[in-house]
């Protein structure tokens, strides 16, 4: 899912303001997305590549008119939409100050709620916000590691699920979830909500569903997300032969319960083997690591 980020104004986006990042015009955003759409996007339940319209922030880096324009452009092409919302209280306070509305009401005002939309984080969601999200069919990418890393809090995912929202999991990004591990997200989601709400709050099977079936449904990948006849052969086989897994009562949920470090032995995507005996097919990992480290060093020099 190619989530094409964008910002059409600097607005109150702290990162853009601090580093002097210049926004794009909404016309340029759509021109560039149109090129990506024609080059990469695939339709169908079993698509391998799809484009998502993903302005960085509704409140801080776009105007209401630009957001509506992007919404129309996306819906004309039946594209999903994504953004960040209510990660911190600053989102709500800025929405009130700039637009005289709560952040969730501003999202509705800009036509950015619906079953084709999902938001990352939603940590600062109260009962009213959850009702609006659930009633509109809007989804969430719950990012517990990032939210812990930045001290943002814990999204009320259980209340959202109870209200009828589709709960999925995400890692956010390397800036706030360095390992980028979905296994860690599953483990932390399982534990965090128990720590706050008691030992019966979450169950391993429920969290696995958040990280598999629910995510596929949210993205419209209806042939993925389950191991079942007729579904795509998207499978991960974990190596649980090391001693740390030996005492787990159920091998099926051992990777979730034990969390990192965990090793992928084999991985198949739509029936094609992409990890073979622990090695990513066609990838020189040493070269990749060297390139990433060089890129990080360049980035740190540029912002020093």
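Nothing in this text is a laboratory measurement; each read-out follows from the coordinates by a stated rule. Because the structure is a prediction, the values reported are computed rather than measured. When we count neighbours, we look across all protein chains shown, and the Cβ atoms used for this are built from the backbone with ideal geometry, even at glycine.
Fully extended, how many nm does the chain gain between residue 204 and residue 65 (0.36 nm per residue separation, minus their Cα-Cα distance)?
Gain on stretching residue 204 to residue 65: 45.8 nm.
State the extension gain, in nm to one decimal, for the chain segment bounded by residue 296 and residue 195, taking 0.36 nm per residue of separation less the distance between their alpha-carbons.
32.9 nm
By average Cβ neighbour count within 10 Å, what is the ranking of 274-285, 94-105 from highest down?
In decreasing order of mean packing, 274-285, 94-105 become 94-105, 274-285.
Which of these values of Rg and Dmax of the Cα atoms in Å was calculated from the structure shown: (1) 23.0, 77; (2) 18.7, 58; (3) 20.0, 57?
Checking each listed value against the structure points to (3).
Sort 142, 203, 82 by Cβ crowding within 10 Å, fewest neighbours at the top.
By the 10 Å Cβ count, ascending, the order reads 203, 82, 142.
Just rank 190, 73, 118, fewest to most, by other beta-carbon atoms within 10 angstrom.
In increasing order of surrounding Cβ atoms, one gets 73, 190, 118.
Spin-label point model (7 Å from Cα, Cβ direction): what's the residue 115 to residue 31 distance in nm?
Placing both labels 7 Å along Cα→Cβ, they lie 3.6 nm apart.
May I ask for the angle, rounded to the nearest 10°, between helix 182-197 and the longest principal axis of the chain, with both axes built from Cα atoms and the value confined to 0 to 90°?
The two axes meet at around 80 degrees.
Could you tell me whether region 113-229 comes out rounded, prolate or oblate from its Cα gyration tensor? Rule is a ≥ b ≥ c as square roots of the eigenvalues, rounded for a/c under 1.5, then prolate if a/b exceeds b/c, otherwise oblate.
Here region 113-229 falls in the rounded category.
Among 63, 138, 168, whose mean-square fluctuation peaks in a Gaussian network model of the chain (Cα, cutoff 10 Å)?
63
Output the peptides 48-54, 241-247, 21-27 sorted from most to least packed, where packing is the average of other Cβ atoms within 10 Å over each peptide's residues.
Ranked by mean Cβ neighbours within 10 Å, highest first: 48-54, 21-27, 241-247.
Give me the angle, in degrees from 0 to 90, between the Cα long axis of helix 285-303 and the longest principal axis of the Cα atoms of the chain, rounded to the nearest 10.
The two axes meet at around 30 degrees.
Give the Rg (one decimal place) followed by the Dmax (whole number) of region 152-285, computed from C-alpha coordinates and expressed in Å.
15.7, 46
Pick from 173, 114, 220: which is most flexible by mean-square fluctuation in a GNM of the chain where alpha carbon atoms under 10 Å apart are linked?
Among 173, 114, 220, the largest GNM mean-square fluctuation belongs to 173.
Considering only DSSP beta bridges where both residues belong to the chain, give the percentage that are antiparallel (nearest 5).
Just about 35 percent of them are antiparallel.
Normalized C-alpha radius of gyration of region 1-80, against 2.2 N^0.38 Å?
After normalising by residue count via 2.2 N^0.38 Å, the value is 1.14.
Report, in cubic angstrom per residue, the convex hull volume of the C-alpha atoms of region 233-304.
142
If I model a spin label as a point 7 Å beyond the Cα along the Cα-Cβ vector, how far apart are those points for residue 175 and residue 286 in nm?
Result: 3.3 nm between the two label points.
Using a Gaussian network for the chain with springs between C-alpha atoms less than 10 Å apart, which of these wobbles most: 288, 133, 221?
Top of the fluctuation ranking is 288.
Taking every eigenvalue of the Cα gyration tensor of region 33-145, multiplying by 5 and rooting it, what semi-axes result, largest first, whole Å?
Whole-Å semi-axes of the equivalent ellipsoid: 25, 16, 12.
Under a crude label model (7 Å from the Cα following the beta-carbon direction), how far is residue 22 from residue 4 in nanometres?
2.0
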